[in-house]
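Peer 1: I'd like to ask some things about the structure below.
Values quoted throughout were computed directly from the atomic coordinates according to the rules given, and no laboratory measurement underlies them. Since we're looking at a predicted model, the values are computed, not measured. Cβ sites come from the backbone with ideal geometry, for glycine too, and all protein chains shown count toward neighbours.
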Amino acid sequence: MDIVTTIALTMGVAWASGINLYAALFMLGYMGSTGNIDLPPNLEILTHPGVMMAAGFMYFVEFFADKTPGVDTAWDTLHTFIRIPAGAMLAAGAVGDVSPAAELIAFILGGGLAAGTHFTKAGSRVLINTSPEPFSNWMASITEDAMVIGGLWVALQHPWVFLVLLVAFILVMAWLLPKLWRGIKRIGCRIARLFGKRCGADSAADTPKN
């Protein structure tokens, strides 16, 4: 792989892991085992039939869990401790045979990117779940699956295009995350009021101003 393809794959696996880790693992394993791509040595393990079966089974489970309102948020909460470290490790493995410093840089950047995409996905799902109908949840989940599969394909086939799109995605993510956080806090306050409790916003509103 040339340097641009390596960077695209490194950031691509981290980005995809934060959204749907198991779809990313299965697709990389499938493309590597069928000869569509030459995986770096540290990622060749993904082509092992057992690894592909495990990733495929977990993707099957996530496919339904991710489309069930409420269950998807619980699933995302659990996977905070899985997607982020996995994204970091996959990014470190994707850089190939390089210096330990380069692997550590990929690990740090990959973990940060996986964390960003994971929290963007999880936060948006919390807000979507406030809608009583399930269709928006299904549409969001299907869109995310398509993004992972299509994004990894673009990263491997058209790395420059992927890197440009990734920069745009990161900019949107940086703009969106604070808004998602404020929305989640408002939902938390509504739930607290249902139980007769005060939330931080209420306390701030009652604080006298000088």
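Peer 1: Can you give the FRET efficiency to the nearest 0.05 for residue 64 and residue 143, using r as the Cβ-Cβ distance and R₀ = 22 Å?
Peer 2: Between residue 64 and residue 143 the formula returns 0.85.
Peer 1: Could you tell me what fraction of 2.2 N^0.38 Å the Cα radius of gyration of the chain comes to, as a two-decimal ratio?
Peer 2: So the Cα radius of gyration is 1.14 times the expected 2.2 N^0.38 Å.
Peer 1: Given a Förster distance of 25 Å, report the FRET efficiency between residue 135 and residue 78 from their Cβ-Cβ distance, rounded to the nearest 0.05.
Peer 2: 0.50
Peer 1: Which shape class, rounded, prolate or oblate, goes with region 99-168 when its Cα gyration tensor gives a ≥ b ≥ c as root eigenvalues, a/c under 1.5 marks rounded, and past that a/b bigger than b/c marks prolate?
Peer 2: The shape class here is oblate.
Peer 1: Then there's this: In percent, what relative contact order does region 3-206 have, based on Cα pairs under 8 Å that are 6 or more apart in sequence?
Peer 2: Value for region 3-206: 30 percent.
Peer 1: Report the paramagnetic label zone for residue 30: residues of region 114-145 whose backbone N is under 14 Å from a point 7 Å from Cα along the Cα-to-Cβ axis.
Peer 2: 145
Peer 1: For the chain, what is the calculated [θ] at 222 nm in deg cm²/dmol (nearest 500), taking -39500 (n - 2.57) for each run of four or more DSSP H residues and dividing by its residue count?
Peer 2: When only DSSP H runs of four or more count, the value is -27500 deg cm²/dmol.
Peer 1: Related question: If I model a spin label at residue 153 and residue 42 as a point 7 Å from the Cα along the Cα→Cβ vector, what separation in nanometres do I get?
Peer 2: Between residue 153 and residue 42, the label points sit 2.8 nm apart.
Peer 1: If you don't mind, there's one more thing I want to ask. How do 61, 126, 13 line up, fewest other C-beta atoms within 10 Å first?
Peer 2: Lowest count first: 61, 126, 13.
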